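Here the structure comes first, spelled out in structure tokens, and everything after it is commentary.
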Amino acid sequence: MKLRVGLIGCGKIARMHAQGFQTASDLAEVVVCCDEREEQAQAMALSLGSAEAVTRWQEVVDREDIDAVDVCLPHYLHAPVVIAAAQAGKHILVEKPFATNLAEAMAMVNAADQAGTVLMVGQHQRYVSDHRHIKALLDKGVIGQVLAVRVDGSQLLSDQYPPGHWLFSKAQAGGGIVISVAVHRIDLLRYLLGEIRRVASFQSNSGINVGMEGEDIAAISLEFENGTLGEGFFTFAARHRPIPITPKPFGLLILYGEGGMIHNIQGWHIYSTRIKEYSDGPTKLDIPSQDYAECFNNEIWHFLECIETGAEPVTSGRDNLGTMAVIEAVYQSAKTGQVVEVPSHIFEEQ
């Protein structure tokens, strides 16, 4: 029997999720689409064929014919919807960021643990085929111990959304560029390199994005538990053409190892003193990049497989507590002007 899914939130990112469920139509079916904007819900339902359209998320959570929900709502609504869904016995996929703060994230994990349901966070950069390939190379030690890493993420928010959009609200988004964009790369770095021990951050608001309440520029320094040092630069105030990187929708990634380096400028390149074929200088890697939508398809398939097998998702709610702890430490550092330790006890069951 197919898993019956309720899609809660029918905006831009939800369209990518809906396409993912369509590629897994033998395993699951979206039977109801929910958005407070009725026309959005109806449009999404129509695109999926026989799905119903509703405007109240509580109605979806309360339905007995729904096995799982996919939450694609503004950040501040993640916690109440996820907790209610868990208490109703639903499996849950929730878009990133997991929550607006660590306390909310921990409450969501506890609710799912108590209900015994799958809780997965849509950190889709872990499901990008390129990133999986790079992780495999790192795990094989092709550049040795990673000593340092650089990442970035740059956009112009006002080019994408009008003033008054909820992403401009510090309360509704949980912050600015850090919780909306840096969270992607921080989660990816945890996936590639392990846990982060300490952070420091400077943040500012440029004024370019009229009505933006949170930070739209952030510089972040990272120290990993294994000794790797990292830096990240993120901005919603980028009036320039992005650096030509691969895959296109994502940011810069440079990994400096004791035996070489990997970067994604104008394609993936590697230099390694340990592998002869990569030892003459930066060599372009033959990685068949997937379409942007494929990472969402991979994410949806993984969610459904975990429900079927009982396996822990790669981006489980409990794992993502580590990402949320780093985000919270980054904000604390910017506020206090101090280097901040990232708590490690958060992974313990409450």
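The values are calculated or read from the model by the stated rules, or taken from the named source; none is laboratory data. From a predicted model like this one, the values you see are computed outputs, not experimental measurements. Note that we place each Cβ from the backbone using ideal geometry, even for glycine, and neighbour counts take in every protein chain shown.
Out of 27, 102, I need the residue that is hydrophobic (A, V, I, L, M, F, W, C) and touching an Asp or Glu at 6+ places or on another chain (Cβ under 7 Å). Which one?
Details: 27 fails: touching an Asp or Glu at 6+ places or on another chain (Cβ under 7 Å).
102 is the lone residue from the list that is hydrophobic (A, V, I, L, M, F, W, C) and touching an Asp or Glu at 6+ places or on another chain (Cβ under 7 Å).
Regarding residue 64, is this residue closer than 13 Å to residue 10 by Cβ, free of Cβ contacts under 8 Å to residues at least 12 places away in the same chain, out of contact with any strand residue (DSSP E or B) (no Cβ under 7 Å at 6 or more places or on another chain) and acidic (Asp, Glu)? If you could, list the steps in order and put the result at the bottom.
Numbers: closer than 13 Å to residue 10 by Cβ: no; free of Cβ contacts under 8 Å to residues at least 12 places away in the same chain: yes; out of contact with any strand residue (DSSP E or B) (no Cβ under 7 Å at 6 or more places or on another chain): yes; acidic (Asp, Glu): yes.
For residue 64, the condition - closer than 13 Å to residue 10 by Cβ, free of Cβ contacts under 8 Å to residues at least 12 places away in the same chain, out of contact with any strand residue (DSSP E or B) (no Cβ under 7 Å at 6 or more places or on another chain) and acidic (Asp, Glu) - is not met.
Return yes or no: is residue 276 at pLDDT 95 or above, basic (Lys, Arg), surrounded by fewer than 15 Cβ atoms within 10 Å (Cβ to Cβ) and farther than 30 Å from residue 27 by Cβ?
Numbers: at pLDDT 95 or above: no; basic (Lys, Arg): yes; surrounded by fewer than 15 Cβ atoms within 10 Å (Cβ to Cβ): yes; farther than 30 Å from residue 27 by Cβ: yes.
The answer is no for residue 276.
Here is a list of conditions, (1) at pLDDT below 95; (2) under 26 Å from residue 232 (Cβ atoms); (3) surrounded by 17 or more Cβ atoms within 10 Å (Cβ to Cβ), and residue 266 meets all of them except one; can you say which number that is?
(3)
So residue 201 ticks every box in (1) part of a strand (DSSP E or B); (2) small (Gly, Ala, Ser); (3) under 19 Å from the mean Cα position of the chain (by Cα) but one. Which box is left unticked?
(3)
Sort out which residues of the stretch 67-88 are in a loop (DSSP other than H, G, I, E, B), surrounded by fewer than 22 Cβ atoms within 10 Å (Cβ to Cβ) and touching a residue at least 60 places away in the same chain (Cβ under 8 Å), and write them in order of number. Give the derivation first.
So the first thing to find is which residues in the stretch 67-88 are in a loop (DSSP other than H, G, I, E, B), and the list is 67, 72-74, 88.
Imposing the further condition that a residue be surrounded by fewer than 22 Cβ atoms within 10 Å (Cβ to Cβ) reduces the set to 67, 74, 88.
Answer for the stretch 67-88, where residues must be in a loop (DSSP other than H, G, I, E, B), surrounded by fewer than 22 Cβ atoms within 10 Å (Cβ to Cβ) and touching a residue at least 60 places away in the same chain (Cβ under 8 Å): 67, 74.
Which condition from (1) assigned to a helix (DSSP H, G or I); (2) more than 18 Å from the chain's Cα centre (by Cα); (3) closer than 28 Å to residue 201 by Cα; (4) in contact (Cβ under 8 Å) with a residue 40 or more places away in the chain is the one that residue 113 breaks?
For residue 113, the failing item is (3).
Hey, can you tell me all the residues within the stretch 26-49 that are surrounded by fewer than 15 Cβ atoms within 10 Å (Cβ to Cβ) and either under 17 Å from residue 92 (Cβ atoms) or touching a residue at least 12 places away in the same chain (Cβ under 8 Å) (or both)? I'd like the intermediate steps shown before the answer.
We begin by selecting, within the stretch 26-49, every residue surrounded by fewer than 15 Cβ atoms within 10 Å (Cβ to Cβ); these are 26, 36-39, 46, 49.
Once the filter is applied, which keeps residues that are surrounded by fewer than 15 Cβ atoms within 10 Å (Cβ to Cβ) and either under 17 Å from residue 92 (Cβ atoms) or touching a residue at least 12 places away in the same chain (Cβ under 8 Å) (or both), the stretch 26-49 yields 26, 36, 37, 38.
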